[in-house]
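Since the structure comes first, as C-alpha cells, the remarks are kept for the end.
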C-alpha cells in the first residue's frame, strides 16, 4: 500500500510517519485484502489537531475518516478507530463484492461545476438566466451496482452519489433522504 502522509503547516516527523504506516496498515489489512493507497493529512484547528484519512481500495471503494484531539497521536488514533469501525461494518459486503468483481471499478470522466448562490436576497429579476460558474473541475463517475453505490456513498459520508449502473449501462443517482432512508433515481 502506498502512503502519502502530510501536514498542513505542521512538520510531520519520521516517528509519526512510521506509527501511521504500521497502525493504519494493520487496521486496513485486517478488513481489506488489497488496499491500493492511503492519504493521511494532519492540520491544526485552533488548539486541536485534526487528522483526515482517505483509503482507496482495489474494489474501487473509498473509505474516509476524520478526528480531532488535543494531541496529534490521539487525533490519529481516533481517526484510525473510525476507519476500523467503517471497514468492520462493511467487511461482509466488501468481501462479497470482492469475490464477484475480478477487475477494479471502471471510472468515466465528467465535468463538475460549482455555481454561485444568490446571496443578495432580493426578489428582483436577475440580469441573466445563466448561472455564474465559480469553479469547473474534472470528476470521475464509477461503474457500480446499486448496492456498491450505496456502500460507497455511506463509506465516503456523502449525501449523494452519481454512478453508472453496470447492469443497465445508464447513469443513476443514490442519495440520503431526510427520513434517513436511501433514495435511488434510475431514469
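The values are calculated or read from the model by the stated rules, or taken from the named source; none is laboratory data. This is a predicted model, so every value here is computed, not measured. Backbone-built Cβ (ideal geometry, glycine too); neighbour counts: all protein chains shown.
Counting only strands (runs of 3 or more DSSP E) that fall entirely inside segment 141-187 and contain at least 3 residues that are closer than 29 Å to residue 79 by Cβ, the qualifying elements are 160-165, 170-176. Scanning segment 173-183 finds one or more residues that are within 19 Å of residue 57 (Cβ to Cβ), modelled with pLDDT of 85 or more and not assigned by TED's automatic domain parsing to the domain that holds residue 86.
Could you go through segment 136-145 and let me know if any residue there is in contact (Cβ under 8 Å) with a residue 40 or more places away in the chain and surrounded by fewer than 14 Cβ atoms within 10 Å (Cβ to Cβ). Within segment 136-145 (the criterion being in contact (Cβ under 8 Å) with a residue 40 or more places away in the chain and surrounded by fewer than 14 Cβ atoms within 10 Å (Cβ to Cβ)), the answer is no, since none of the residues qualifies.
Scanning segment 18-39 for residues that are over 19 Å from residue 58 (Cβ atoms) and surrounded by 15 or more Cβ atoms within 10 Å (Cβ to Cβ) yields 19, 20, 23.
Considering segment 42-58, and only residues there that are within 15 Å of residue 10 (Cβ to Cβ) and free of Cβ contacts under 8 Å to residues at least 24 places away in the same chain, the residue that is surrounded by the most Cβ atoms within 10 Å (Cβ to Cβ) turns out to be 45.
Answer yes or no as to whether residue 133 is at pLDDT 80 or above, out of contact with any helix residue (DSSP H, G or I) (no Cβ under 7 Å at 6 or more places or on another chain) and over 19 Å from residue 90 (Cβ atoms). Break it down into steps so the answer makes sense when it comes.
Numbers: at pLDDT 80 or above: no; out of contact with any helix residue (DSSP H, G or I) (no Cβ under 7 Å at 6 or more places or on another chain): yes; over 19 Å from residue 90 (Cβ atoms): yes.
The answer is no for residue 133.
The combined condition, being surrounded by 17 or more Cβ atoms within 10 Å (Cβ to Cβ), more than 17 Å from the chain's Cα centre (by Cα) and at negative phi, is not fulfilled by residue 65.
What do you reckon, is residue 80 part of a helix (DSSP H, G or I) and either surrounded by fewer than 16 Cβ atoms within 10 Å (Cβ to Cβ) or outside the structural domain of residue 151 (by TED's automatic domain parsing) (or both)? Criteria met by residue 80.
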